[in-house]
1. Among the residues that make up region 64-83, is at least one of them over 30 Å from residue 3 (Cα atoms), assigned to a loop (DSSP other than H, G, I, E, B), within 16 Å of the ligand (Cβ to nearest atom) and at pLDDT 80 or above?
2. For the condition at pLDDT 80 or above, in contact with a strand residue (DSSP E or B) (Cβ under 9 Å, 6 or more places away or on another chain) and either within 16 Å of the ligand (Cβ to nearest atom) or on the phi < 0 side of the Ramachandran plot (or both), what is the one hit in 19, 96, 45?
3. Among the numbered conditions (1) within 16 Å of the ligand (Cβ to nearest atom); (2) modelled with pLDDT of 80 or more; (3) surrounded by 12 or more Cβ atoms within 10 Å (Cβ to Cβ), tell me where residue 111 comes up short.
4. Within the set of pairs 6+ apart or on separate chains, which have a first residue in region 94-122 that is assigned to a strand (DSSP E or B), a second that is surrounded by fewer than 10 Cβ atoms within 10 Å (Cβ to Cβ) and at pLDDT 75 or above, and C-beta atoms under 8 Å apart?
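The values are calculated or read from the model by the stated rules, or taken from the named source; none is laboratory data. Since the structure is predicted, the reported quantities are computational estimates derived from the model, not experimental observations. Ideal geometry is used to build each Cβ from the backbone, glycine not excepted, and the neighbour counts take in all protein chains shown.
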Ligand SMILES: [Zn+2]
């Protein structure tokens, strides 16, 4: 359902309400009945357009959500964890080597090679 059609239905509904009003104002049993019929049709059209608009709005047309995953602190943690076990020198990612699934780090200062163990987070 596009907006143009919904607008046309609304316009028709308003037109029918006005026409119904004229009939009701004009009075006379038959005129009031005709006017009431117009108003009822108009109300149905209003509900119809309202419902279609609501359904349209309920549809997940475009998901405009931006997922902001903050990697805060991960860099700092790495630097804290990466220290030579024998001399305590800070090690960078350049000193890391993945050997057989395990991460090995070689100290550029003292040459010590040690396996990087993931520190438990408790
Ligand atoms: Zn070292």
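1. no
2. 96
3. (3)
4. Sorted first by the residue in region 94-122, then by its partner, the pairs are 104/98.
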